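Following: one structure in structure tokens, then a few remarks.
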Amino acid sequence: MRTFRKEYPLHIMLIPGVILTLIYSYGPMAGLVMAFQNFEPLSGFFKSEWVGWGNFTYVFHLPDFKQVFWNTILISIFKIALFLLVPLILALLLNEVTKRWFSRLVQSTIFLPFFLSWTVLGGIVIEIFSLNGPVNSLLSFLGLKEIMFMLDNGWFRGIIIGSDVWKSMGYNMIVMLAAITGINGTLYEAAEVDGAGRWKQMLHITLPGMLPMLILLGVLSLGNILNAGFEQILIMYNPTVYEGADIIDTFVYRLGLFSQQFGPAAAVGLFKSVISLGLVSIAYYAAYKYNNYRIF
């Protein structure tokens with residue numbers, strides 16, 4: 001009680017945040033009951049027909065569900081892999097630049113897309129790869145056939161992955177540069193005395209020094225493997241590329257809001273949430289076990 005009396009102003013300051021969290025984060029979880037009902041908005045939660053696991057059975061037997069699930073996994077894996085690889089290469093290259101003004105200019109330029117929303121970046125990407133955009137104008141100038149990038153499943157999936165990497169690589173690069181600056185400088189001096197060049201120093205000092213951060217970023221990314229980028233894909237895709245770009249989140253969006261199948265949409269959302277919870281739990285346990293990272 002003595003400790004509580006000293007800290008009660010801090011507890012009072014927490015109350016608004018706790019209330020907002022309960023209302024907007026925990027309150028809506030009551031709607032998960034729709035996953036087990038033939039939900040009708042006019043009937044509400046209490047009068048809608050209870051169907052048990054019927055919605056899950058219905059969704060899992062939909063012809064599109066397997067493709068949607070595969071798209072989500074495939075796009076997420078590529079995003080997570082490039083999420084680590086591209087910023088790592090950029091950070092290693094910038095670490096070798098001796099001109100500080102040039103290094104800062106490159107960092108600022110690469111970091112800029114991170115501050116823009118997908119509403120803006122999506123429009124830019126669509127214009128770049130449209131039939132009359134600069135990419136097709138260049139192909140036409142070179143005497144090559146124009147490509148309908150935004151209507152081709154093969155090309156569109158690559159554009160989704162590439163544009164996401166373009167947006168996020170600046171932030172991840174800064175994180176990795178911070179990890180490099182944390183490496184003891186005397187290690188480089190000792191390596192130089194021993195005759196190690198810049199390449200050897202990078203292989204035997206920089207990369208091992210960054211390894212804990214790389215492991216942490218990789219492990220924490222595991223929890224997002226079913227989040228393939230709802231906002232990005234919703235803004236950029238169209239019915240022509242559903243086969244290659246439709247993911248779980250956009251599938252739920254169309255199933256619930258357009259088809260008004262609220263029960264099946266809630267079932268898919270609950271399915272994704274349970275899998276994500278398991279992956280996040282595994283990710284944080286692995287981060288604690290191998291990198292001594294913990295939240296609590």
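Of the chymotrypsin sites (Phe, Trp or Tyr not before Pro) in the stretch 44-107, which ones lie in a loop per DSSP and count no more than 11 other C-beta atoms within 10 Å?
Trp53
Using a 1.4 Å probe on the protein chains only, how many percent of the accessible area of the stretch 14-89 belongs to carbon and sulfur? The C+S portion of the solvent-accessible surface of the stretch 14-89 is 75 percent.
Modelled label positions at Ile124 and Tyr171, each set 7 Å beyond Cα in the direction of Cβ, lie 1.5 nm from each other.
Could you tell me which helices of the chain pass both thresholds, a Cα extent of 30 Å or more along their own axis and a mean Kyte-Doolittle hydropathy of at least -0.5, with helices taken as whole DSSP H runs?
Helices meeting the span and hydropathy rule in the chain are 65-95, 153-181, 262-291.
Relative contact order, whole percent, for the stretch 100-174 stands at 40, derived from Cα pairs under 8 Å and 6 or more residues apart. What pairs from Lys99/Lys145; Lys145/Lys272; Lys167/Lys272 go past 30 Å between their alpha carbons? Cα-Cα > 30 Å for Lys99/Lys145; Lys145/Lys272; rest within.
Using only alpha-carbon positions in the stretch 156-284, the gyration tensor eigenvalues give semi-axes of 43, 17, 9 Å once each is multiplied by 5 and square-rooted (largest first).
Taking R0 as 51 Å, what FRET efficiency do you get between Leu144 and Lys200 from their Cβ-Cβ distance, rounded to the nearest 0.05? E between Leu144 and Lys200, to the nearest 0.05, is 0.75. Diagonalising the gyration tensor over the Cα atoms of the stretch 128-188 and scaling each eigenvalue by 5 before taking the square root yields semi-axes of 39, 14, 9 Å, largest first. Put simply, the convex hull of the Cα atoms in the chain casts, on average, a shadow of 24.1 nm². Put simply, the amide H of Gln37, placed in the peptide plane, has neighbours under 5 Å in Val51, leaving out anything fewer than 5 places away on its chain. Counting only protein heavy atoms and a 1.4 Å probe, the chain has 62 square angstrom of accessible area per residue. The mean sequence distance of close C-alpha pairs (under 8 Å, at least 6 residues apart), as a share of the length of the stretch 32-85, puts its relative contact order at 24 percent. Per residue of the chain, the DSSP helices (runs of n ≥ 4 H) give a summed -39500 (n - 2.57) that works out to -21000 deg cm²/dmol at 222 nm. For the stretch 147-296, with all protein chains in place and a probe radius of 1.4 Å, 65% of the accessible heavy-atom surface sits on carbon or sulfur. Find me the longest stretch of the chain that has none of the exposed trypsin sites (Lys or Arg not before Pro), where exposed means in a DSSP loop (not H, G, I, E or B) with at most 12 other Cβ atoms within 10 Å. With a cap of 12 other Cβ atoms within 10 Å, the longest stretch comes to 146-293.
The values are calculated or read from the model by the stated rules, or taken from the named source; none is laboratory data. In this text the structure is predicted, and so the values were computed from the model without any measurement. Virtual Cβ from ideal backbone geometry, glycine too; neighbours counted across all protein chains shown. Each accessible area value is taken on the protein alone, full model and side chains, heavy atoms only, with ligands, DNA and RNA left out. Shrake-Rupley method; radii C 1.70, N 1.55, O 1.52, S 1.80 Å.
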